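Everything on this sheet refers to the single structure shown next.
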Protein chains: 2
Amino acid sequence: MKRTNYAGLIDETYLEQTVTLQGWVQKRRDLGGLIFVDLRDREGIVQLAFSNEFNEAALKVAESMRTEYVIEVVGTVKSRGEGAVNNNLRSGKIEVQVTDAKILSESKTTPFYIEDDINVSDELRLKYRYLDLRRPEMQRNLRIRSKITAATHEFLDEHGFIDIETPYLAKSTPEGARDYLVPSRVYPGSFYALPQSPQLFKQLLMGAGFDRYYQVARAFRDEDLRGDRQPEFTQLDVEMSFMNQDEIMALVGEWVAAIMKKTVDYDLDADNIPVIEYADAMRRFGTDKPDMRFGMELQDLSALMADSEFGVFANAIAAGGEVKAVVVPGGADHYSRKDIDKMAQYVTRFGAKGLAWLKVSEDGVTGPIAKFLKAKEQELLQATGANAGDLLLFAADNANVVAATLDALRRRTAQELDLIDQSKWAFAWVVNWPLFDYQPEENRWIAAHHPFTMPNEEDLPLLDTTEGAHQAHAQSYDLVLNGYELGSGSIRIHQMAVQEKMLAALGFTKEAAHEAFGFLLEGMEYGFPPMGGIALGLDRLAMLLAGQDNIREVIAFPKNSKATEPMTEAPTPVAEAQVVGDLKLTAPVYADVTAPNMAEE
Amino acid sequence: MKRTNYAGLIDETYLEQTVTLQGWVQKRRDLGGLIFVDLRDREGIVQLAFSNEFNEAALKVAESMRTEYVIEVVGTVKSRGEGAVNNNLRSGKIEVQVTDAKILSESKTTPFYIEDDINVSDELRLKYRYLDLRRPEMQRNLRIRSKITAATHEFLDEHGFIDIETPYLAKSTPEGARDYLVPSRVYPGSFYALPQSPQLFKQLLMGAGFDRYYQVARAFRDEDLRGDRQPEFTQLDVEMSFMNQDEIMALVGEWVAAIMKKTVDYDLDADNIPVIEYADAMRRFGTDKPDMRFGMELQDLSALMADSEFGVFANAIAAGGEVKAVVVPGGADHYSRKDIDKMAQYVTRFGAKGLAWLKVSEDGVTGPIAKFLKAKEQELLQATGANAGDLLLFAADNANVVAATLDALRRRTAQELDLIDQSKWAFAWVVNWPLFDYQPEENRWIAAHHPFTMPNEEDLPLLDTTEGAHQAHAQSYDLVLNGYELGSGSIRIHQMAVQEKMLAALGFTKEAAHEAFGFLLEGMEYGFPPMGGIALGLDRLAMLLAGQDNIREVIAFPKNSKATEPMTEAPTPVAEAQVVGDLKLTAPVYADVTAPNMAEE
């Protein structure tokens, strides 16, 4: 029978109407002669009532219903009795008195309850993902993700962007992350690579004159998994010709505002997204993706502490480093000495050799290093703005260690003291990045964004030497939300001579550059337009908008930390015959599982 | 400078306005002191005029412009002189008198002209795809494709479908086509497979209660390429719960109507798409994807010819075969005996042992077999409706050979005689397919659609035996357009017992079935809803709507017939280090080419 309503959307406006519903049995209460069933579909829950008074046969059917059975019912929407109203449900004021019922599918007892806040292992959730995804929380997560793409399609289509698919079976190019490779059967020893991004293809599409391109593109990286990485992830990828950085940032801002409106009904003021220079972000927050929902900015005390009696501070500055501090409001009472010892242990991962700290009281500063800083106490309190009850956390080391340490402490303490307004959506643009980034472990320079990023106009002459190039800054812009990088954009190089210099500064010989990127370099000789773009990470954006802390929660069938998909158990061994490209198969052959839309007519 | 207009969209409504334009030099005519440049962007062409009268410096710049240079100009829209009007261009009544000009990029001479109807090899076009795509025809093709997906997103979003991405790194399952395999670095000897369709995942999503799913999904098949196959292709993939075949067909019809409206402004009457039974399609047209833009249906003459004096006919029927004919209107004059000999040669590929034919004149039938059919001439003409001037083409063999032969002759002759109304969009549903299909070459039965297709309700008992199962019919429906299969849909099996029987009838032992599809079979034990869906082939649909005859014309960067992408030359050898999963790379390492949205914060 044809469904008339979603269960979860029925309310008192449907009183006395006959409805046909299908869905899952959430719960069943047999009161003897009267059975209540909570019927669940993707929109929510409605209470069904079965009794001889309504229909004898239906009551009979209800007697054999169990949790997660799939059922179909016809009934009449009626008011619940006064005492039975449930104000937590949209349908809480009504029930459906069932006159016809049918079981469509039975269910074994599920390995976990279909409800939010279950306490089971991720592995079990992933093995029974089709059950896990029935939970309202997961339904909501994936619908937020779907709304992001819907808003994206709508906005970009309206703004003249052309949706163009680029290949997934692509060329392996030397890149930072490891490629997933696909062996070619036609050319043994050759491989396709699953692309790490559509970057080069979208630049070629600008060269082809499409003017505005977009794609919801899957990207692949064979990296060791940790945190919120996945072997495959999704980018909302755009590229535009003949637009400068400001124009692109303005348009992307509008797009993101459309997403925020459709997904979480938030009015983002796209024209007033804060823009912060990379150098300022590092200086003020110690990170290139500052969480601007709260203050607690880093205080530079280097000048003040250059002649400090505290040797650690003075020495750090003498060695060319910095002394900076974070003021933790109310941190003095909150953190015990033991807590701070743990924090000191924690910051060693960022290279800090220890953690200097002070508590501020009405009577001045206290703590192990207080005695060394007595002389500068007033200046210190003035410089940092610290008040009684606050905790001061210091880092004294080279700039990188200071930044990493205080960024981490700032975020951690703010979280622990609940100083972050969780209802805020703090977007920011981080601009004017260095073109290159020095990797001390490897003693070499890499492209800070990617090798196709356009230097600032005035820095172009710097590219004539490798040393000069490493000092250049880029026309690049990252979009940050609540301390997460949502996407990284830039104006691209569109002229071969500039691109060759950039690759040379990365250590490519001219031959190596042309072997890896010849198709792009050659293309630039045929009139490529100025262009720029950005790619937003869909997984991370969905994660943030859904209020989750892991991207697995917004991916239907994610891999686990070992790059395995526990439900299907992929990857799996395959028959030797498949690997060597023979037509023989491991099991009986049958016709294509897919719509044979490619079949030869 | 910020563009004010697309070149191709300027017309006389912009007279006297100052415009800023960017684009490519299509053509340049230097009349000495007066230079005309045709400026091209994605929307079309506008004529620029440079002279000292308008601006000296701009004229100077124009002197060095060459074809495919990228330029930026500012100028005023003016009427062209009477004699200079070009009515073929939207901008043909105006020109832009340029007051400021700048060259943004130079271009070498391109290997072919940037215009429609070029006569160069496909290989050259693919090598310089970024130039090939500049041609107006290719711009239009890819924009039609983009409009199809835009209409799809809009319609399906409005109708409650949730856009859900399924994995591309998936499990290899035994299927008809060969999988592309991706070696796992974590588990040597194990492989991911690039999916041939999201079929099983979308069924699991219905099991998860999403109710309505869709995805613009890439699919992959490592098959020998021919015709319009590509290693990767795109499906517009949908699945719905609790809907029967008629409801799904109705909804898909509306969706396709939305696509037709947005892409080619055609009003498809979705409620009246012809529905034809599979058996009738085979009987009337000899194919399961009939081109219904024209008649020329197959005429069954088996009864008439059972006692024919012409031995070939009588013997075919005696052997259990058929005699059928196609009437080619006006074919008698059009085809010479030599033409028909060629046709006879052509049909051998379908298994036909020869080609019997008759020409109809005012005086009766003529041709080599006319003498054998004299006795039945009147009956024959009456049965076939053939008139003077028509050509009758016969096939006498088993049903498969007759169908294949006459289907091919029907389409070929209609094409050659220009009997097909090329402006027509002839959609049709083909329904009630057999569940299984016998493969004589391999002497085995395969699933006609796929192994997850639900048999007709009344045929369910047939599944209790393998022989019975092979006689069952399916709840499946193909959408056909102008003789092409656009997509293949079906109601799916949602109960484990039925699915197990289906797999058994395909030759799977219970163990093999559970090894290959255990996650699906197990899922069905936890309350799967009734469901069905379809996947439309985006490449083929775009090809038809763009009026092309090869899907390569609607794919930005397709592979050639050797599964190679001539521009990047993928697939390529890669460094040994990459293959064995070492971190060492073949060229200097630099930061990620992609927006590092998966990077650990």
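Taking first residues from region A:82-97 that are touching a residue at least 12 places away in the same chain (Cβ under 8 Å) and partners that are of a type in the set (F, W, Y) and surrounded by 13 or more Cβ atoms within 10 Å (Cβ to Cβ), the Cβ contacts under 6 Å between residues at least 6 apart in sequence or on separate chains come to A:Q97/A:F54. In region B:263-282, the count of residues that are surrounded by fewer than 17 Cβ atoms within 10 Å (Cβ to Cβ), touching a residue at least 24 places away in the same chain (Cβ under 8 Å) and among the aromatic types (F, W, Y) is one or more. A single entry from B:D163, B:D211, B:D222 fulfils the requirement of being out of contact with any Leu (no Cβ under 6 Å at 6 or more places or on another chain), within 7 Å of chain A (Cβ to nearest Cβ), more than 30 Å from A:Q26 (Cα to Cα) and touching a residue at least 40 places away in the same chain (Cβ under 8 Å): B:D222. Answer with yes or no whether B:H449 is in contact (Cβ under 8 Å) with a residue 24 or more places away in the chain, within 30 Å of B:R412 (Cβ to Cβ) and not in a strand (DSSP E or B). Yes: the conditions hold for B:H449. Restricting attention to region A:194-232, report how many residues are under 24 Å from B:R40 (Cβ atoms) and part of a loop (DSSP other than H, G, I, E, B). Of the residues in region A:194-232, 4 are under 24 Å from B:R40 (Cβ atoms) and part of a loop (DSSP other than H, G, I, E, B).
Screening A:R540, A:R552 for residues that are within 7 Å of another protein chain (Cβ to nearest Cβ) and in a helix (DSSP H, G or I) leaves exactly one candidate, A:R540.
Among the residues of region A:469-505, those identified as surrounded by fewer than 24 Cβ atoms within 10 Å (Cβ to Cβ) and assigned to a loop (DSSP other than H, G, I, E, B) are A:H470, A:Q471, A:A472, A:N482, A:G483, A:Q495.
Scanning region B:160-182 for residues that are within 20 Å of A:R218 (Cα to Cα) and part of a loop (DSSP other than H, G, I, E, B) yields B:I164, B:E165, B:T166, B:P167, B:Y168, B:L169, B:K171, B:S172, B:D179.
Of everything in region B:458-482 that is modelled with pLDDT of 95 or more and within 14 Å of chain A (Cβ to nearest Cβ), the residue that is farthest from B:H494 (Cα to Cα) is B:N482. Looking only at residues in region B:408-452 that are among the β-branched types (V, I, T) and surrounded by fewer than 21 Cβ atoms within 10 Å (Cβ to Cβ), which one is nearest to B:G483 (Cα to Cα)? Looking at residues that are among the β-branched types (V, I, T) and surrounded by fewer than 21 Cβ atoms within 10 Å (Cβ to Cβ), I get B:I420. Is it true that some residue in region A:140-159 is in a loop (DSSP other than H, G, I, E, B), within 7 Å of chain B (Cβ to nearest Cβ) and surrounded by 24 or more Cβ atoms within 10 Å (Cβ to Cβ)? No - not one qualifying residue is present in region A:140-159.
Is at least one residue of region A:183-193 under 30 Å from B:R135 (Cα atoms), touching an Asp or Glu at 6+ places or on another chain (Cβ under 7 Å) and not in a loop (DSSP other than H, G, I, E, B)? Scanning region A:183-193 turns up at least one residue that is under 30 Å from B:R135 (Cα atoms), touching an Asp or Glu at 6+ places or on another chain (Cβ under 7 Å) and not in a loop (DSSP other than H, G, I, E, B).
If you filter region B:515-531 down to residues that are of a type outside the set (D, E, K, R), at the interface with chain A (Cβ under 7 Å from one of its Cβ atoms) and part of a loop (DSSP other than H, G, I, E, B), you find that the one that is farthest from A:P566 (Cα to Cα) is B:P530.
Screening A:L236 on (1) out of contact with any Gly (no Cβ under 7 Å at 6 or more places or on another chain); (2) more than 10 Å from chain B (Cβ to nearest Cβ); (3) part of a strand (DSSP E or B) shows it passes everything except condition (2). Taking the criterion of being surrounded by 14 or more Cβ atoms within 10 Å (Cβ to Cβ), part of a strand (DSSP E or B) and not aliphatic (A, V, I, L, M), the residues of region B:3-22 that qualify are B:T20, B:Q22.
Residue-by-condition table, conditions (1) touching a Cys at 6+ places or on another chain (Cβ under 6 Å); (2) buried (at least 16 other Cβ atoms within 10 Å of the Cβ); (3) modelled with pLDDT under 95; (4) part of a loop (DSSP other than H, G, I, E, B):
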{"position": "A:M292", "(1), (2), (3), (4)": "no, yes, no, yes"}
{"position": "A:M296", "(1), (2), (3), (4)": "no, yes, no, yes"}
{"position": "A:A316", "(1), (2), (3), (4)": "no, yes, no, no"}
{"position": "A:G320", "(1), (2), (3), (4)": "no, no, no, yes"}
{"position": "A:K342", "(1), (2), (3), (4)": "no, no, no, no"}
{"position": "A:R349", "(1), (2), (3), (4)": "no, no, no, no"}
{"position": "A:P368", "(1), (2), (3), (4)": "no, no, yes, yes"}
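Against the definition (of a type outside the set (S, T, Y), touching a Gly at 6+ places or on another chain (Cβ under 9 Å), part of a loop (DSSP other than H, G, I, E, B) and surrounded by fewer than 20 Cβ atoms within 10 Å (Cβ to Cβ)), how does B:N119 come out, yes or no? Criteria not met by B:N119.
The values are calculated or read from the model by the stated rules, or taken from the named source; none is laboratory data. Remember, predicted model here, so these are calculated numbers, not experimental data. Here the Cβ is made from the backbone with ideal geometry for all residues, glycine too, and neighbour counts use every protein chain on show.
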